[in-house]
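S.K.: Take a look at this one; I'll ask things after.
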Amino acid sequence: MIGNDIVDLALARKESNWKRNRFLDKIFTIKEQLLIADNENPEIMIWNLWSRKEAAYKIYNRETGIRGYFPLRLECSYENEISGSVSIKGNTYFTKTIISNAFVHTIAVVKKENFDAIKKINSNETVSKANGIPFIIDKQTKIIKPVSISHHGRFWEGITLID
Ligand SMILES: CC(C)(COP(=O)(O)OP(=O)(O)OC[C@H]1O[C@@H](n2cnc3c(N)ncnc32)[C@H](O)[C@@H]1OP(=O)(O)O)[C@@H](O)C(=O)NCCC(=O)NCCS
């Protein structure tokens, strides 16, 4: 199972005033807020942790059927700028994040070895949805494959797992 999330930093700057009162308290645990405060670039750390939580949520929701907005229950374990994990209610998902000047993109997986089996999909592929959750049907095998889609501002990223 996979999940991904992309943040367009230009749009995030327009849409969100993270310096606003209580924004950080509503989204990030005390431990996460310390990571943000201690970082030389708090803004990037915010979107890094945010995209990890969103990517992990996409798996959690798929696995459990539980839906909702509960950012504080999705807890990031931060290894470094690229790697870490997100835990929620005894489930742990591993994350890898790419940061550029323009975006922050995180991929979450259930097993670390899945990172070697990620395949990007094109935005022109036919993506269907069941209960809001996206999938594609493999043209050759007709097998249903879970995909994860994320779009924000100028960016669109779709991923699936190689068979
Ligand atoms: C549903 C949610 C994950 C969508 O994330 P988003 O950043 O708003 O939007 P994205 O572009 O990244 O993702 C949207 C795509 O995810 C897919 N998607 C929607 N719900 C999904 C789910 N529950 N599981 C997996 N994929 C889902 C859809 O394909 C959708 O694209 P589409 O509408 O074009 O088909 C988000 O709005 C949400 O509800 N998050 C709750 C978790 C939380 O507490 N987050 C707090 C912030 S850290």
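Bear in mind that the values in this text are calculations on the coordinates, not laboratory data. Source: prediction; values computed, not measured. Every residue, glycine among them, receives a Cβ derived from its backbone with ideal geometry; neighbour counts consider all protein chains shown.
S.K.: Once amide H atoms are built 1.01 Å from N in the peptide plane, which residues 5 or more positions from Ile121, or in another chain, come under 5 Å H to H?
M.R.: Amide H neighbours of Ile121, under 5 Å, 5+ apart: Gly158, Ile159, Thr160.
S.K.: How high is the relative contact order of the range 61-163, given as a whole-number percent (alpha carbon pairs under 8 Å, six or more residues apart)? It would help to have the intermediate numbers written out before the result.
M.R.: Values: 139 pairs, mean separation 16.2, N = 103.
Over the range 61-163, the number comes to 16 percent.
S.K.: Now for a different question. Report the chymotrypsin sites (Phe, Trp or Tyr not before Pro) located in the range 1-78 that are in a DSSP loop and have at most 14 other Cβ atoms inside 10 Å of their Cβ, or state none.
M.R.: Here the sparse-neighbourhood loop sites are Tyr69.
S.K.: Measure out, as a whole number of angstrom, how far apart the alpha-carbon centroids of the range 10-72 and the range 136-153 sit.
M.R.: Here the answer is 26 Å between Cα centres.
S.K.: Determine the alpha carbon to alpha carbon distance for each of Lys14/Lys119; Lys53/Lys112; Lys19/Lys129; Lys31/Lys96; Lys53/Lys139 and list only those over 28 Å.
M.R.: Over 28 Å Cα-Cα: Lys14/Lys119; Lys19/Lys129; Lys53/Lys139.
S.K.: Among Ile98, Ile143, Ile121, which one shows the highest mean-square fluctuation when the chain is modelled as a Gaussian network with alpha-carbon springs under 10 Å?
M.R.: Maximum fluctuation in the GNM of the chain, among the listed residues, is at Ile143.
S.K.: For the chain, modelled as a Gaussian network with Cα springs under 10 Å, which listed residue fluctuates most, Lys119, Lys14, Lys26?
M.R.: It is Lys14.
S.K.: Here's a follow-up. Taking the Cβ of Ala117 as the center, what net charge do the other residues with Cβ under 10 Å away carry, scoring Lys and Arg +1 and Asp and Glu -1?
M.R.: Values: positive: Lys111, Lys119; negative: Glu113, Asp116, Asp163.
It works out to a net charge of -1.
S.K.: Something else now. Which value in Å does the Kirkwood hydrodynamic radius of the range 2-114 take, with 1/r averaged over all unlike C-alpha pairs and then inverted?
M.R.: Kirkwood radius, the range 2-114: 14.0 Å.
S.K.: Cβ under 13 Å from Tyr57's Cβ, Tyr57 left aside: what net charge do those residues give with Lys, Arg +1 and Asp, Glu -1?
M.R.: +3
S.K.: OK, next. To the nearest 500 deg cm²/dmol, what mean residue ellipticity at 222 nm is calculated for the chain from DSSP H runs of n ≥ 4 alone, each contributing -39,500 (n - 2.57), summed and divided by the residues?
M.R.: -8000 deg cm²/dmol
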